[in-house]
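Trainee: Have a look at this one before I ask anything.
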C-alpha cells in the first residue's frame with residue numbers, strides 16, 4: 001500500500017469488497033428483482049440468486065470499519081457530521097435521480113406519496129414506517145440504528161472497552177430474544 005492510501009486512512013481491500021458487493025447486489029436486482037417489479041418487461045437470460053445476501057457484506061464491513069471512525073472522533077457531533085457528510089450527498093443525488101426517472105417513466109408501481117418523499121429527505125423514513133423512494137434504502141434504517149447503538153456504547157463505555165462489551169452483545173440478545181433470534185445468534 002502506498003503512502004497516499006495510508007495517509008487517507010483507507011483500507012483498499014475494504015473498498016474492493018464494497019465494490020464487489022455493490023456489483024453483486026446490482027446484478028441481483030437487475031436479474032431477479034426487476035422481473036418481480038416489472039413482469040411485462042423483457043427478462044435477462046440469467047439470474048443471480050443469492051445476490052441479495054451481499055447486503056450482509058456491507059453490514060459486516062460497517063461493523064469492522066466503525067472502529068476506525070470511533071477511534072478518530074472526539075465527540076458525538078463529530079461522528080454525526082462525519083457520517084452525514086459521507087452518506088447524505090450521494091443519497092440525495094441517488095434519491096433525486098430515482099424520483100426523476102420514476103416520474104418521467106411513469107412507473108406507477110414505484111411511486112410514493114409526497115409525505116413519504118419528504119420523510120425520505122431526512123433518511124429516517126424507516127423509523128417512521130414510511131415507504132422508501134427506492135426499496136434499497138431500507139438498509140439506511142439498519143445502518144442508522146447501528147450507528148446509534150455504537151455511538152451510545154462508545155460514549156458510555158469508551159473505545160478501549162468497546163470490544164469486550166460487544167462480545168457480550170449476542171449473549172444478552174439470546175437471553176432475551178425469541179427462539180428464532182436465539183437460533184440465529186447460535187449459528
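Trainee: Residues 94, 90: which one is closer than 28 Å to residue 117 by Cα, touching a residue at least 40 places away in the same chain (Cβ under 8 Å) and under 15 Å from the mean Cα position of the chain (by Cα)?
Mentor: Going through 94, 90 in turn, the sole match is 94.
Trainee: Given 27, 61, 66, which one is over 30 Å from residue 151 (Cβ atoms), part of a helix (DSSP H, G or I), modelled with pLDDT of 85 or more and in contact with a helix residue (DSSP H, G or I) (Cβ under 7 Å, 6 or more places away or on another chain)?
Mentor: Numbers: 61 fails: over 30 Å from residue 151 (Cβ atoms); 66 fails: over 30 Å from residue 151 (Cβ atoms).
Testing whether each residue is over 30 Å from residue 151 (Cβ atoms), part of a helix (DSSP H, G or I), modelled with pLDDT of 85 or more and in contact with a helix residue (DSSP H, G or I) (Cβ under 7 Å, 6 or more places away or on another chain) leaves just 27.
Trainee: Take the residues in the range 161-177 that are surrounded by 12 or more Cβ atoms within 10 Å (Cβ to Cβ) and at pLDDT 70 or above, then tell me which one is nearest to residue 151 (Cα to Cα).
Mentor: 162
Trainee: Scan the range 136-152 residue by residue and report those that are under 23 Å from residue 55 (Cβ atoms) and either touching a strand residue (DSSP E or B) at 6+ places or on another chain (Cβ under 7 Å) or free of Cβ contacts under 8 Å to residues at least 60 places away in the same chain (or both).
Mentor: 137, 138, 140, 141, 144, 145, 148, 149
Trainee: Please determine, by comparing only the residues of the range 39-60 that are more than 22 Å from the chain's Cα centre (by Cα) and in contact (Cβ under 8 Å) with a residue 12 or more places away in the chain, which one is surrounded by the fewest Cβ atoms within 10 Å (Cβ to Cβ).
Mentor: Restricting to residues being more than 22 Å from the chain's Cα centre (by Cα) and in contact (Cβ under 8 Å) with a residue 12 or more places away in the chain, the top hit is 46.
Trainee: Here's another thing I want to ask about it. For the range 126-147, name all the residues that are touching a helix residue (DSSP H, G or I) at 6+ places or on another chain (Cβ under 9 Å) and either more than 22 Å from residue 26 (Cβ to Cβ) or exposed (fewer than 12 other Cβ atoms within 10 Å of the Cβ) (or both).
Mentor: Passing the criteria: 127, 128, 130, 144, 146, 147.
Trainee: Just to be sure before I move on: is residue 80 in a helix (DSSP H, G or I) and surrounded by fewer than 16 Cβ atoms within 10 Å (Cβ to Cβ) in the structure I sent? Working first, answer last.
Mentor: Values: in a helix (DSSP H, G or I): yes; surrounded by fewer than 16 Cβ atoms within 10 Å (Cβ to Cβ): yes.
It is true that residue 80 is in a helix (DSSP H, G or I) and surrounded by fewer than 16 Cβ atoms within 10 Å (Cβ to Cβ).
The values are calculated or read from the model by the stated rules, or taken from the named source; none is laboratory data. Remember, it's a predicted structure, so these values are computed and weren't measured experimentally. Because the Cβ atoms are built from the backbone with ideal geometry, glycine has one as well, and the counts that use them run over all protein chains shown.
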